[in-house]
Amino acid sequence: MKEEYSNQNTFLSMIDMDLIRQGLLHAIQDLVFILKVIDDETFKYMYVNKIGMDYARLSEECYGKTFAEVLPKDIAGILQRQYEKVVREAKAHTFCDVVKLPKGEIHYESSLNPVCDEEGICQFVICITRDITAQIEEKTEIEEKQMLFKSLLEYNNDSIISIDSIGRVTYANPATYEIFGYRYEELNNKFIFEFINKEYEKDFQIIFKGSMQGKAKQIVSKKYSNYSAT
C-alpha cells in the first residue's frame with residue numbers, strides 16, 4: 001500500500017518524538033533531516049527543521065518525496081549511497097561535505113543514524129548535519145604552523161636538539177650532525193648527559209633543572225662532545 005503524505009503534521013504523527021512535536025528542533029543550530037525508509041532503497045523526506053530547509057533549499061513540498069525528486073542529480077546520488085550504507089550496515093555513519101561559495105568554503109559533517117523497529121528493520125534515518133568550518137580551519141592553521149616550524153628546524157644552520165623532561169633526546173635537526181658529528185639515529189632516545197663533557201656535566205644538570213621550571217639561560221661555551229674528537 002502506498003503511503004500518502006499531505007503535510008508536516010502527518011509525518012510527525014508517525015514517530016514518537018516529543019522534541020519534534022514541540023517544535024524544538026526548529027530552534028537548534030544543527031541541520032536535522034528525518035527520512036522514512038521504504039524497501040531499504042527508497043528514502044522519503046519526513047521532517048526537516050528550518051535551518052535544514054534553508055541549507056538544502058527545500059520547502060514543505062519535499063515531504064513524501066525522494067532525493068531524486070527534490071535535489072540536483074549529483075547531490076541526490078551522493079545522499080542515496082550514504083543512506084543505503086546506513087540501512088545496509090544497520091549502524092551510524094558519518095560523512096563530510098564541502099560547499100563552495102564566492103566568499104569561501106563551508107565544511108559540513110553529517111551523522112546518519114538508523115532507527116529500527118523491534119524486528120531490526122530500519123524504518124527511519126535521522127541525519128544531523130553541523131557546520132565544522134571553524135574546526136577545519138583551525139586544524140589547517142595548526143598543520144601549516146607545524147610545517148613552518150618543522151621547516152625552520154630542518155633548514156636551520158644551528159644545531160637544535162629537543163629533549164624530554166628526563167633528558168632523553170627526542171629530536172635533532174640535520175645541522176646537529178654537521179656541528180657535532182652525531183646523526184639523529186645515534187642520539188634518539190639517548191640521554192643528553194652522555195654527550196656532555198664531564199667538566200660541564202654538573203653545571204648542565206643545574207641549567208637543565210632550571211629550564212624545566214621555565215627558566216631560560218644562554219650558554220656560550222663548549223658543552224657537548226664532538227663525535228669526531230672522541
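A few remarks follow.
- GluC sites (Glu not before Pro) restricted to DSSP loop in segment 99-131 with at most 14 other C-beta within 10 Å: 118, 119
- Loop-resident sites, segment 24-91, for trypsin sites (Lys or Arg not before Pro), counting at most 14 other Cβ within 10 Å (DSSP): 57, 91
- Amide hydrogen neighbours beyond the local backbone of residue 71, cut-off 5 Å, H modeled: none
- Among the listed pairs 36/85; 103/139; 36/91; 44/73; 36/65, those with a Cα-Cα distance over 18 Å are 103/139.
- Burial ordering of 122, 116, 127, fewest other beta-carbon atoms within 10 Å first: 116, 122, 127
- Once the C-beta distance of residue 98 and residue 200 is scaled by a Förster radius of 45 Å, the resulting FRET efficiency is 0.20 to the nearest 0.05.
- In segment 146-189, the trypsin sites (Lys or Arg not before Pro) that fall in loop regions by DSSP, at most 15 other Cβ within 10 Å: 183
- Estimated FRET transfer efficiency (residue 29, residue 154; beta-carbon r; R0 45 Å; 0.05): 0.60
- Simple label model, 7 Å out from Cα along Cβ direction - residue 138 to residue 189, nm: 3.5 nm
Laboratory data are not the source of any read-out in this text; all were calculated from the coordinates shown. Quantities reported herein were computed from a predicted structural model and do not represent experimental measurements. Cβ sites come from the backbone with ideal geometry, for glycine too, and all protein chains shown count toward neighbours.
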